Structure formats: C-alpha cells, structure tokens
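Data block below; observations after.
The values are calculated or read from the model by the stated rules, or taken from the named source; none is laboratory data. Since this is a predicted model, take the numbers as computed values, not measurements. We place every Cβ from the backbone using ideal geometry, glycine too, and count neighbours over all the protein chains shown.
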Amino acid sequence: ETGVTQTPRHLVMGMTNKKSLKCEQHLGHNAMYWYKQSAKKPLELMFVYNFKEQTENNSVPSRFSPECPNSSHLFLHLHTLQPEDSALYLCASSDRDIEVGYTFGSGTRLTVV
Amino acid sequence: AQSVTQPDIHITVSEGASLELRCNYSYGATPYLFWYVQSPGQGLQLLLKYFSGDTLVQGIKGFEAEFKRSQSSFNLRKPSVHWSDAAEYFCAVAVYSGGGADGLTFGKGTHLIIQP
C-alpha cells in the first residue's frame, strides 16, 4: 500500500452507464490528481485539486466529472463514456512541500463496452 | 510549457549487465525530476527524485540517476540488472506554482526487457 487507495481496481461499464471512481489518501497531502494512461500514449494529467479547489482541467470531455469533497478524497464521475475512454485511471497526491513528492495509487482499469 | 523525452521505447538488457535509461527535459526554471517504475497492471512506484544539491541521486532497488543541467538530462542507471527489473520506466518533471504542486509531466516511457 502506498497510502493512496483507489477503488474499484477493475470496472467494466456500458456506454450508457453512470459510475464513479474513488481515490482516498491518508498521507495528509493537500493536492490530488487524476491521470489517464492509455495504451501507447503518455500519461495524461486530467484534473488537479489543491486544497479541494480545482486548479486545472486539461480539456477533459464533460463526460468526466471530478469531485473533491475534502483533501483526502477524490472522485471521478463517469457517464456516457466511449470505448476510447477505456484506460488505466491513476490517482495521485502531493503536498505543498516540494520534498514530499507525488504518491500514486494502483489505478482503476476501466473498460467501456 | 515543460516536456519530457524518453528516446528509447524499448530496451533489452541481459541479466547482470548494466543499464542506462535516457531522459531529456525541457523546462524554463529549476526542474524537479522523478523516475517512476510501473509493473504490468500496477500503479507507479517512485524510484528516485531530484530537487537540488548533489546531482547524483540514489534511489531504491539499486538505481541511481545523474542530473546534468548542461545537457538537460536525467538519466537512470543500474550497475547490474535483475530479471525483476523488467517493467515500464517513466521520467517526469514537476511544476510548482505559488499555489502548490501543479502535477507531473511524463515522458512516454521505456519498456525494459531482461534477457536471461
């Protein structure tokens, strides 16, 4: 365990479904992130939250909706996804202290059918 | 904007041989640099990081990396690889603004294959 926990580990959903990914960190960090990792593409930063406030949205389609109710929890709400959204979704956290670095969860493997 | 280049998509090394994975970055300010490793189906594990000070950084699992500002490089090395080192390796640069950490920018990764 890295201190960043993601659930579920695997998710299969239809294009008309609504589901949510959950991320939880117990490291006392103040920033949390969603990354998308697709086959043969570099890791893409999707969203950044600092102290519960969204500070970055990298042109992510509106079918992905993040939520950060507090500094320890981060959600990614999914609806009407496309097959090309199938990927590994990674959550990470970090602290204002640069020396702390970034800690990643194990990811959720999402398959859209 | 910052960017990271890992020029080698695949590298094959014999077990026991030395390893060097290349990483070049582009960033206007002082870079904060990282190497991560990813095993199949897993998340990212931090191998080492560079923020300042000694340009030769020691990490976990016997890895080290050297920061060379003049070459904008942060190459990862290991003197003798083990079969368990077979994985995907990612170099990344971090941006920190006044509000805190703004996320990592990753290279495309290098897939390391270990031959017996």
Assess whether A:Leu11 counts as being in contact with a helix residue (DSSP H, G or I) (Cβ under 9 Å, 6 or more places away or on another chain) and more than 19 Å from B:Val4 (Cβ to Cβ). no
Which number in (1) in a strand (DSSP E or B); (2) crowded, with 21+ Cβ neighbours inside 10 Å; (3) within 14 Å of another protein chain (Cβ to nearest Cβ) marks the one condition that A:His29 misses? (1)
Taking the stretch A:6-20 and keeping residues modelled with pLDDT under 95, aliphatic (A, V, I, L, M) and surrounded by 14 or more Cβ atoms within 10 Å (Cβ to Cβ) leaves A:Met13
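Counting only residues that are modelled with pLDDT under 90 and surrounded by 12 or more Cβ atoms within 10 Å (Cβ to Cβ), how many does the stretch B:11-29 have?
Qualifying residue count for the region: 1.
Of all residues in the stretch B:48-98 being among the β-branched types (Val, Ile, Thr), more than 11 Å from chain A (Cβ to nearest Cβ) and more than 13 Å from the chain's Cα centre (by Cα), which is surrounded by the most Cβ atoms within 10 Å (Cβ to Cβ)? Give the steps one after another, and end with the answer.
First, pick out the residues of the stretch B:48-98 that are among the β-branched types (Val, Ile, Thr): B:55, B:57, B:60, B:81, B:93, B:95.
Okay, now just the ones that are also more than 11 Å from chain A (Cβ to nearest Cβ), so B:55, B:57, B:60, B:81, B:93.
Narrowing the set further to residues that are more than 13 Å from the chain's Cα centre (by Cα) leaves B:55, B:81.
Working: B:Thr55: 12, B:Val81: 20.
Among residues in the stretch B:48-98 that are among the β-branched types (Val, Ile, Thr), more than 11 Å from chain A (Cβ to nearest Cβ) and more than 13 Å from the chain's Cα centre (by Cα), the one surrounded by the most Cβ atoms within 10 Å (Cβ to Cβ) is B:Val81.
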Looking only at the stretch B:32-45, which residues are buried (at least 21 other Cβ atoms within 10 Å of the Cβ) and in a loop (DSSP other than H, G, I, E, B)? B:Gly43, B:Leu44
Need the failing condition index for B:Tyr32 against (1) within 30 Å of A:Leu110 (Cα to Cα); (2) under 12 Å from the mean Cα position of the chain (by Cα), just the number. (1)
If I filter the stretch A:53-93 down to residues being of a type outside the set (A, V, I, L, M, F, W, C), buried (at least 16 other Cβ atoms within 10 Å of the Cβ) and not in a strand (DSSP E or B), which single residue comes out as farthest from the other protein chains (Cβ to nearest Cβ)? A:Asp85
